[in-house]
Amino acid sequence: MATNDSELDRPLTDIGAQIGRLLPGLYDVDSQRDVKLSESFDVWTVGIEGLKATGYSGNFPARKTEYQHHQILIDGRARAFASSILSPSGELRVVRVALSPVAEAIDKAITRIDADYPKSSTRVRLLVIQSFSLYAFWLARSGLIYIISVPGLLTVLRAESYYGTADFLGALLRDATHSIPRSDVALESSEDSGGPRW
């Protein structure tokens, strides 16, 4: 079973309540729909500019962000997600709720990893490389990266595929060399949008 690599250190009850307040105002989700909070994952990232500057040193250069990703089921299907951040008061605060195909792709990835590792609880980290809008699961203990979603501008990496960390970074560097992604902006809260700058 694919689970978050570290135990979430805050109860998620209030996250569900916040999502319940936000979702109907943003989208056509009425009280007749069955909305549930599903899996939650810590969000990690890799700085592309730093990777291009230094290359692959042998250590996987991912860093944990202050964000957590929460899957949202609507009528039993993963159709949305929320992002939360730990506030100065020590509470998790929802900063983004979105209907997105990324939620379904993450759900499919969880199903695939569960099928590939049926006899063990597989600890995963959600890797978001914002410069390329790339989502992946990092299976840190086995040293594998499972690509969840990758945009068309990347030509080497393939969705729904496993890569060793060295192969993943090598492919990412080749694509970064031949592509011009958006600025490599850190995952941070935007006061204008009220959410992270994805």
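Restrict the check to the stretch 89-100 and report whether at least one residue is out of contact with any helix residue (DSSP H, G or I) (no Cβ under 7 Å at 6 or more places or on another chain) and over 20 Å from H69 (Cβ atoms). Yes: one or more hits.
Can you tell me which residue is surrounded by the most Cβ atoms within 10 Å (Cβ to Cβ) among those in the stretch 22-46 that are among the charged types (D, E, K, R) and at pLDDT below 75? Please lay out each step first, then the result.
If we filter the stretch 22-46 for residues that are among the charged types (D, E, K, R), which is where we start, we get 28, 30, 33-34, 36, 39, 42.
Subsequent filtering for residues that are at pLDDT below 75 retains 28, 30, 33.
Values: D28: 8, D30: 8, R33: 13.
Looking at the filtered set, the residue picked out is R33.
Just a yes or no: is a residue in the stretch 123-144 open to solvent by less than 30 Å² (accessible area, probe 1.4 Å) and over 15 Å from A62 (Cβ atoms)? Step through it out loud before you land on a result.
At the first step, the residues of the stretch 123-144 found to be open to solvent by less than 30 Å² (accessible area, probe 1.4 Å) are 124, 126-132, 134-139, 143.
Of the ones still in play, those that are also over 15 Å from A62 (Cβ atoms) are none.
Scanning the stretch 123-144 turns up no residue that is open to solvent by less than 30 Å² (accessible area, probe 1.4 Å) and over 15 Å from A62 (Cβ atoms).
The values are calculated or read from the model by the stated rules, or taken from the named source; none is laboratory data. All values derive from a computational prediction rather than experimental measurement. Using ideal geometry, Cβ is built from the backbone for each residue, glycine included, and neighbour counts are taken over all protein chains shown. Just so you know, the surface numbers come from the protein's heavy atoms only, side chains and all, with ligands and any DNA or RNA stripped out. Shrake-Rupley method; radii C 1.70, N 1.55, O 1.52, S 1.80 Å.
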